[in-house]
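These notes are about the structure you will find just below.
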Amino acid sequence: MANNASARKRIRQNERRRLRNASRLSRMRTFIKNVEKAILSGDKAAAAEALRAAQPEMQRAAGKGVIARNTVSRKLSRLSARIKSLAAA
């Protein structure tokens with residue numbers, strides 16, 4: 001275990017960051033689930049609106065380093081492609 005002050009402080013900081021990152025990741029996943037639900041319901045307008053709400057949350061998670069930028073780009077691309085295909089179907 002930590003035996004000096006700086007190591008104890010580092011443990012406290014890491015725990016705070018872990019909790020903050022977990023919260024950000026959970027929030028992002030919730031927004032993605034809302035988009036998924038709207039897509040499954042078949043309502044293109046609701047799905048597009050849910051994606052508009054999810055996009056800044058996903059970008060924020062990437063900016064804070066919780067998730068990789070390319071991962072966010074890939075997820076946004078796939079979700080928008082699925083929304084676009086709702087009109088064709």
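The values are calculated or read from the model by the stated rules, or taken from the named source; none is laboratory data. The model shown is predicted, which means the values in this text are computed figures rather than measured ones. As a convention, Cβ positions derive from the backbone with ideal geometry for all residues, glycine included, and neighbour counts pool all protein chains shown. Heavy atoms of the whole protein, side chains included, go into the accessibility calculation; ligands, DNA and RNA do not. Shrake-Rupley method; radii C 1.70, N 1.55, O 1.52, S 1.80 Å.
For residue 15, which of the numbered conditions (1) touching a residue at least 24 places away in the same chain (Cβ under 8 Å); (2) surrounded by fewer than 14 Cβ atoms within 10 Å (Cβ to Cβ) fails to hold?
Unmet condition: (1).
Being without any contact (Cβ under 8 Å) to a residue 12 or more places away in the chain and open to solvent by less than 50 Å² (accessible area, probe 1.4 Å) narrows it down to one of 71, 30, so name that one.
Residue meeting the stated conditions: 71.
If a residue has to be under 9 Å from the mean Cα position of the chain (by Cα), within 23 Å of residue 19 (Cβ to Cβ) and of a type in the set (S, T, N, Q) to count, how many in the range 50-89 make the cut?
Total satisfying the criteria: 1.
Suppose the filter is surrounded by 14 or more Cβ atoms within 10 Å (Cβ to Cβ) and part of a helix (DSSP H, G or I); does residue 24 pass it?
yes
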